[in-house]
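Colleague: Would you mind keeping the following structure in view while I ask a few things?
The values are calculated or read from the model by the stated rules, or taken from the named source; none is laboratory data. None of these values were measured; they are calculated from a predicted model. So basically every Cβ, Gly included, is an ideal-geometry build from the backbone, and we count neighbours across all protein chains shown. Areas reflect the complete protein model, heavy atoms only, side chains present, ligands, DNA and RNA absent. Shrake-Rupley method; radii C 1.70, N 1.55, O 1.52, S 1.80 Å.
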Amino acid sequence: MNDATNTPKPAIRYAGIGLSALATVMVSGSAAMKLAGNPKLVDMLSQHLGFPTSVIPTLGALELLCILLYAVPFTAPLGAVLLTGYFGGAITAHVRVEEPFVAPVVIATIAWAGLALRNPKILGLFSRD
């Protein structure tokens, strides 16, 4: 970090932007499939995880709202917190059926890493100073 301006070095900031873009693409794709009613995804969510089919578009809209908030710099911290809550629910759904829950953990971690690298205030939350 550059202490004079409290901004991350360009390489660090670009890495954060890249990770944030990756998280945005993954969550947007998931939201789009839910909103479009992708048959394989609907079957997995309803038959395997036990979600009523009527709530699947709502889940997609919620994902879309979270990722839109995350993509806007001013609201990115709120978006990251909301994504964390959303993925906490996804983890719970997978644990309930005794299934691996690595994917939601990885996506949430990528989102937070991206935000921390592009926003020095977030990165400062994890320092000892």
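Colleague: Can you pull out the residues in segment 86-129 that are without any contact (Cβ under 8 Å) to a residue 60 or more places away in the chain and not in a helix (DSSP H, G or I)?
Modeller: Selection gives VAL97, GLU98, GLU99, PRO100, PHE101, LEU125, PHE126, SER127, ARG128, ASP129.
Colleague: Please go through segment 29-50 and give me each residue that is in a helix (DSSP H, G or I) and open to solvent by 40 Å² or more (accessible area, probe 1.4 Å), ordered by number. Lay out the reasoning, then the answer.
Modeller: Taking segment 29-50 first, the residues in a helix (DSSP H, G or I) are 29-36, 39-48.
Scanning segment 29-50 gives ALA32, MET33, LEU35, ALA36, PRO39, LYS40, ASP43, MET44, GLN47, HIS48.
Colleague: If I go through segment 72-85 residue by residue, how many of them are open to solvent by 40 Å² or more (accessible area, probe 1.4 Å), in contact (Cβ under 8 Å) with a residue 24 or more places away in the chain and within 10 Å of the chain's Cα centre (by Cα)?
Modeller: Final tally of qualifying residues: 1.
Colleague: Here's a follow-up. Considering each residue of segment 7-27, count those that are over 10 Å from the mean Cα position of the chain (by Cα) and either under 10 Å from GLY114 (Cβ atoms) or open to solvent by less than 70 Å² (accessible area, probe 1.4 Å) (or both), and give that number.
Modeller: At the first step, the residues of segment 7-27 found to be over 10 Å from the mean Cα position of the chain (by Cα) are 7-19, 21.
Imposing the further condition that a residue be either under 10 Å from GLY114 (Cβ atoms) or open to solvent by less than 70 Å² (accessible area, probe 1.4 Å) (or both) reduces the set to 7-8, 12, 15-19, 21.
So the count comes out to 9.
Colleague: For the list (1) in contact with a helix residue (DSSP H, G or I) (Cβ under 8 Å, 6 or more places away or on another chain); (2) farther than 23 Å from PRO10 by Cβ; (3) among the aliphatic types (A, V, I, L, M); (4) open to solvent by 50 Å² or more (accessible area, probe 1.4 Å), I need the number of the one condition that VAL102 fails.
Modeller: Unmet condition: (1).
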